[in-house]
Amino acid sequence: MAGARERKRAERRKRKRRAGNGVTPNAEEAVARANGEPAAVETFEERMARRYEERNAEARAKLEPLEPGERPTAVTVAAVVSAVLAVVFAVSAVLAIAGVDASGRDIRPAPIILFMLVFVVMTVGMWRARYWAVLGFQTLLLLVILASALGLVQVSTVPEAAATIALLAGAATLFYFMIRAMARIQMPSPPGAD
């Protein structure tokens with residue numbers, strides 16, 4: 001059964017090649033035909049994979065690796081935002097430990113301290129231009145983008161809507177600019193640079 005299907009596919013490919021449907025054989029196929037060898041037919045998936053890999057190689061060639069001690073601007077901005085959030089969580093933890101009234105709710109300081117530590121670690125990692133820290137911060141930005149987009153559904157005042165849209169726009173912009181920075185951080189050093 002499988003053999004019959006393969007034969008039908010091979011026959012279909014031959015008919016398409018003979019019909020001259022505008023597809024020109026690539027150089028390898030032409031060389032194989034000139035040498036009298038059977039030409040390997042490149043499938044659609046193989047052709048698309050090859051094209052994507054060529055585009056990726058072009059994009060990689062345009063990227064410049066980071067110099068020692070260099071940090072992309074987007075990563076610096078993200079490190080500052082992370083540091084500000086770490087300070088906010090630190091102040092919140094101190095207030096929770098001091099027992100400040102929070103509209104009658106009992107606030108436990110342990111989760112707040114955990115979030116503060118996460119932001120401190122991410123701040124230090126991004127300041128040193130570490131890939132894992134940038135990836136972690138982008139994950140948090142994505143959660144903020146999703147939460148603010150869903151939060152737009154239930155806003156009831158114009159100032160709430162404006163603040164939510166500003167948060168959404170700021171997080172999305174920072175997320176976008178950090179993508180290219182991540183590619184530069186992840187780039188290996190060129191051969192012989194050691």
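The values are calculated or read from the model by the stated rules, or taken from the named source; none is laboratory data. Only a predicted model underlies this, so the values are computations on that prediction, with no experimental measurement involved. Neighbour counts are summed over all protein chains in view; Cβ atoms, including those assigned to glycine, are modelled from backbone coordinates with ideal geometry.
Sort out which residues of the range 83-103 are among the small types (Gly, Ala, Ser), surrounded by 10 or more Cβ atoms within 10 Å (Cβ to Cβ) and either modelled with pLDDT under 85 or over 18 Å from residue 130 (Cβ atoms) (or both), and write them in order of number.
Across the range 83-103, the qualifying residues are 90, 92, 93, 96, 99, 102.
Please work out which residue is modelled with the lowest pLDDT, limiting yourself to the range 151-190 and to residues that are within 16 Å of residue 126 (Cβ to Cβ) and β-branched (Val, Ile, Thr).
Among those that are within 16 Å of residue 126 (Cβ to Cβ) and β-branched (Val, Ile, Thr), it is 185.
Only one of 133, 129 is closer than 16 Å to residue 76 by Cβ, surrounded by 17 or more Cβ atoms within 10 Å (Cβ to Cβ), touching an Asp or Glu at 6+ places or on another chain (Cβ under 9 Å) and among the small types (Gly, Ala, Ser); which?
Being closer than 16 Å to residue 76 by Cβ, surrounded by 17 or more Cβ atoms within 10 Å (Cβ to Cβ), touching an Asp or Glu at 6+ places or on another chain (Cβ under 9 Å) and among the small types (Gly, Ala, Ser) holds for just one of 133, 129, which is 129.
Check 41, 80, 134 and return the single one that is out of contact with any strand residue (DSSP E or B) (no Cβ under 7 Å at 6 or more places or on another chain), among the hydrophobic types (A, V, I, L, M, F, W, C) and modelled with pLDDT under 85.
The unique qualifying residue is 41.
Do we have residue 11 as part of a helix (DSSP H, G or I), modelled with pLDDT under 75 and surrounded by 10 or more Cβ atoms within 10 Å (Cβ to Cβ) here?
no
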